[in-house]
Every structure is written in structure tokens, then in C-alpha cells.
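The values are calculated or read from the model by the stated rules, or taken from the named source; none is laboratory data. Values in this document were obtained by computation on a predicted structure and should not be read as measured data. A quick note on method: Cβ atoms are made from the backbone with ideal geometry, for glycine too, and the neighbour counts reach across all protein chains shown. The accessibility values were calculated without ligands, DNA or RNA, using every heavy atom of the protein model including side chains. Shrake-Rupley method; radii C 1.70, N 1.55, O 1.52, S 1.80 Å.
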Amino acid sequence: MAMERDQASEKSSSLSLFFLILSVLFLGSSSRLLTFPDPKIGINYGRLGSNLPSPEVAMKLISSLAIKNVKTFDMDPLVIRAFANTNISLSLCIPNGDIYSLASDPTKADCIVKEGILPFYRETYISSIAVGNEVTMLPEFAPVLLNAMENLYRSLKKFRLHQKIKVSTPHSLAVLAIRFPPSDALFQESIAEPVLRPVLRFLSRTNSPFMVNLYPYLTFKEIPYIPLDFALFLGNPQNFNFTDPKTGLVYTNLFDLLVDALNSAVFSLGFHKVPLVVTETGWPSEGDADDNAASLQNAAIFNQRLVNHLTQYPIKGTPLRPGVPVLTFLFSLFDEDLKPGATTEKHWGIFYANGTKKYDLSLSHLSHSRFKEL
């Protein structure tokens, strides 16, 4: 009996010490609270700009934001090498121009893996490879997209990397024929069966995510009756929200509504377990003279509110998929003045091209809030 009391006392002391350590690590003092990065946030690293910082400097800027997920638009060895031994995961991309050769020649996939992955994957954490970007609606690429993805997957499997590195392709929101209400969302008829169903079958089989580039700013500009506050996460639920008439689900921001429209469209094809990743989203800090929505203030509001929304604990998810995290990549790290098109196309960066931050953006949250929930 005495031995049992001694063991119980020792166990109690160990538990007390354990919780004491936890309280120090998580709570600290009332004036200094521990913060930590959130894995649900990523950032796009595009380089269509003049006089941009080197990949090494870009890596340091990303680290300063406490971001652990980075998406690129190519497979540049200089970029891959810059993120070696950083604990930052890279999502790489095969340019659109390489899709046809990748689809028609399996040895092209082997070459990509041998030259672009094998020399780096032990030091650089490569989480996925996107085959093209927004090619689903392009008739020259859509018919061969799946073949390209399959060839790349087979090559990764040949080198036993298929479980570590996922293969997918980012879609634009244009793949949706219907967005409102979310429960009625459907894919464009021309691509639903011949393109997206086979792609979704591949994603389901390989446990890979459905990738989508989703911009509330563009939807706000396209549809006049959407309030700006609803797009910026500033809506007061008592003043404005959107209730799906079929499901009764209530939406307090445009981002969740669009994510669930994509979820509904995916569900309509019979795929309920394929995770969704938002590979691009953001808000421009500058636009043409008649674009009052594109401003530095609105960009700061949208990105910070989005981060707050995605990193709250417990995980909120979306009304259709509550509690399910949505990995989301902000667009973009830098302004890119060499991009063609409207003024807004050049001003999506969190940083100016010279590496100066445009506005404060906190991508950490307070660990004591999570500790209280455990």
C-alpha cells in the first residue's frame, strides 16, 4: 500500500511538473504571449517583376511572416535551393507550355522528377506539384491534362515519392456555371464530365487536393449587388448575410460562400472526401482611376481578416464543411510590374518589389487562446 502511495505521489508530481511546463510555454507572463505560425496559411511567390529580391531574400521575408507554405509558378532550381533546410513547404508548378509534352511522353515526367525533384527533395520540403495553372477551360490543354497528371504521378511513384508529393492542378472560378446559391453550384457542362470528373477521380485515388484560385475581389467587381463589406469580412451578421434557401446555411462573408460553391459542385459529381485548397486569393492595393475597391486599406483589411478567419480556434471551416481547415495561399508576396493587363494585375503583393512591406499583416495567433481550449 505504501508503495502504491509513493507511486501515486510520484505520478502526481510528474503531472504537476508537466502542466507547470505547459503553463510557462503557452501562457508565459501576462505582458508577453507566445505566438506561433499557422499551417493553414500559405503565400504565392511569383517573379514577374523587375528588380525583385533574390530567392534567398524572398525566403527571409516569407520567414519573417511566419509562413510555412509557399507556392511557386515554376520549378526553378534557384528557388527550390533557397528554401532548403527551412521547414517551409514548397508547392511547385509545371508551366502550361510543358503540359502537352508531359502528356504525350512519359519520359518527360521522368526527366522532370530526376532533374527538378531528386536533387533537392531531401533538403527542401516539396509538398505538391501543380500541372499547369488555370488550364481547365483552355481547349488546347484540357483534353490532355489528365494524361499529364497521370504521367507525373507514375514517375513520382517510380521513385517512391508519390505519397510525399501530391499532384494536382489549379482551376479558376470560371469552372463554375452556377455560384449562387452555393447549394446549386455546378461545373460548366462542357468540362464537368469530360475533364473534371476524371480529374476528381484521380485526386480521390491519389489522396490529392482539388486546387482553385478564388478571388472575392473579382466576384465583387463582377456582381454589382454584393456589398463591399461582405467581400472584406466586415459584414455585420445582423445587417447583412446570405442564407442559402435550400440548406438554410448562413454566410457572413463572400470567401466562405465561394469555397462552398466549389465544394457543392465537387459533391455534385459524387466526390465528398476530396480536400479543397485555395491556391490563390487576395486583394489588390491599387487599381485604375475608376476602381475605388482596389486600395491599400482594403488589401490590408481583406488579408488580415482572411487570416484571422482561417486561423481561429477551434477551426471554423465553412458552413457546408464546419471544422474542416482550408489551406489558403495569399496572392502574392511581391508586386509584379511586368504582368500584363489592368493596373490591378501589378499590385497584389504584400511587399513592394524592393522588399518593403506595404502594411502590417500578422499571421500568428496567441497560443494561450488555444491552450485554454485544450
Worksheet entry | Inter-residue pairs, beta-carbon under 7 Å, first at positive phi and in segment 39-61, second not acidic (Asp, Glu), 6+ apart | Asn51/Ala353
Discussion item. Yes or no: segment 320-337 includes at least one residue that is open to solvent by 60 Å² or more (accessible area, probe 1.4 Å), modelled with pLDDT under 95 and within 23 Å of Ala353 (Cβ to Cβ).
Written reply: yes
Worksheet item: Cβ-Cβ below 9 Å, separation at least six or inter-chain, first residue in segment 313-335 and aromatic (Phe, Trp, Tyr), second open to solvent by 40 Å² or more (accessible area, probe 1.4 Å) and not in a loop (DSSP other than H, G, I, E, B): which pairs?
Response: Tyr313/Ser369; Tyr313/Arg370; Tyr313/Glu373
Worksheet item: Given the conditions (1) open to solvent by 50 Å² or more (accessible area, probe 1.4 Å); (2) in a helix (DSSP H, G or I), which single one is not true for Ala261?
Response: (1)
Worksheet entry | Within segment 162-258, strands (runs of 3 or more DSSP E) holding 2 or more residues that are at pLDDT 95 or above and surrounded by 21 or more Cβ atoms within 10 Å (Cβ to Cβ) | 166-168, 170-172, 210-213
Practice prompt. Scan segment 286-297 for residues that are open to solvent by less than 20 Å² (accessible area, probe 1.4 Å) and either touching a Leu at 6+ places or on another chain (Cβ under 7 Å) or within 14 Å of Leu361 (Cα to Cα) (or both) and jot them down.
Written response: Ala293
